[in-house]
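Colleague: So that we are looking at the same thing, I have put the structure below in structure tokens.
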């Protein structure tokens, strides 16, 4: 995933969710610690360009591996681009911040989110 000043939040969100359909990214004004949630009123508008959020983002590839944890991904966004992101996982019809499972891998989170959307079979 290429990150540069010309991208908008929604571009990154759509690209991420196309790879991980059980997950989504939200961007926030304030930083959060591992295991800590972010407040909805701090959420950035998805149509904001990255250049309006932080100046002089150095264009580069953000490498996301299935085996990295949510905490590692969120830290990478912050350290590499000064962007405060929170990973959300689909849970039936809701999107939940992954604050209690930041130590899970991206792959595990995604599979859990996808599985929650499958129809439940009654026995």
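Colleague: Return yes when residue 43 is in contact (Cβ under 8 Å) with a residue 12 or more places away in the chain, closer than 15 Å to residue 23 by Cβ and touching a strand residue (DSSP E or B) at 6+ places or on another chain (Cβ under 9 Å) and no when it is not. Spell out the reasoning first.
Modeller: Numbers: in contact (Cβ under 8 Å) with a residue 12 or more places away in the chain: yes; closer than 15 Å to residue 23 by Cβ: no; touching a strand residue (DSSP E or B) at 6+ places or on another chain (Cβ under 9 Å): yes.
No, not satisfied.
Colleague: Another one. Say we look at segment 6-24 and pick out the residues that are under 16 Å from residue 49 (Cβ atoms) and touching a strand residue (DSSP E or B) at 6+ places or on another chain (Cβ under 8 Å); which of these is modelled with the lowest pLDDT?
Modeller: First pass over segment 6-24, keeping only residues under 16 Å from residue 49 (Cβ atoms): 6-15.
With the extra rule that they be touching a strand residue (DSSP E or B) at 6+ places or on another chain (Cβ under 8 Å), the set shrinks to 6-9, 12-13.
Values: 6: 87, 7: 92, 8: 95, 9: 96, 12: 96, 13: 97.
Taking the candidates together, the pick is 6.
Colleague: How do the strands (runs of 3 or more DSSP E) wholly within segment 1-115 filter down when requiring 1 or more residues that are in contact with a helix residue (DSSP H, G or I) (Cβ under 6 Å, 6 or more places away or on another chain): which remain?
Modeller: Working: elements: 23-28, 84-91, 94-97.
Those strands (runs of 3 or more DSSP E) span 23-28, 84-91.
Colleague: Being surrounded by 13 or more Cβ atoms within 10 Å (Cβ to Cβ) and more than 22 Å from residue 109 (Cβ to Cβ) is the requirement here; does residue 48 meet it?
Modeller: Values: surrounded by 13 or more Cβ atoms within 10 Å (Cβ to Cβ): yes; more than 22 Å from residue 109 (Cβ to Cβ): yes.
When the stated conditions are applied, residue 48 passes them.
Colleague: State the number of residues belonging to segment 19-36 that are surrounded by fewer than 14 Cβ atoms within 10 Å (Cβ to Cβ), under 13 Å from the mean Cα position of the chain (by Cα) and under 18 Å from residue 78 (Cα atoms).
Modeller: 0
Colleague: A follow-up question, please. If you take the residues in segment 51-66 that are within 27 Å of residue 101 (Cβ to Cβ) and more than 15 Å from the chain's Cα centre (by Cα), which one is surrounded by the fewest Cβ atoms within 10 Å (Cβ to Cβ)?
Modeller: Per the stated criteria, the residue is 61.
Colleague: Of all residues in segment 46-60, count the ones that are more than 18 Å from residue 79 (Cβ to Cβ) and touching a strand residue (DSSP E or B) at 6+ places or on another chain (Cβ under 8 Å). Full working, then the answer.
Modeller: So in segment 46-60, the residues more than 18 Å from residue 79 (Cβ to Cβ) come out as 46-49, 51-52.
If we keep only those that are touching a strand residue (DSSP E or B) at 6+ places or on another chain (Cβ under 8 Å) as well, we get 46-49.
Looking only at that region, the number is 4.
The values are calculated or read from the model by the stated rules, or taken from the named source; none is laboratory data. All figures in this text were calculated on a predicted structure; none of them were measured in a lab. Glycine also receives a Cβ, built like all others from the backbone with ideal geometry; neighbour counts cover every protein chain displayed.
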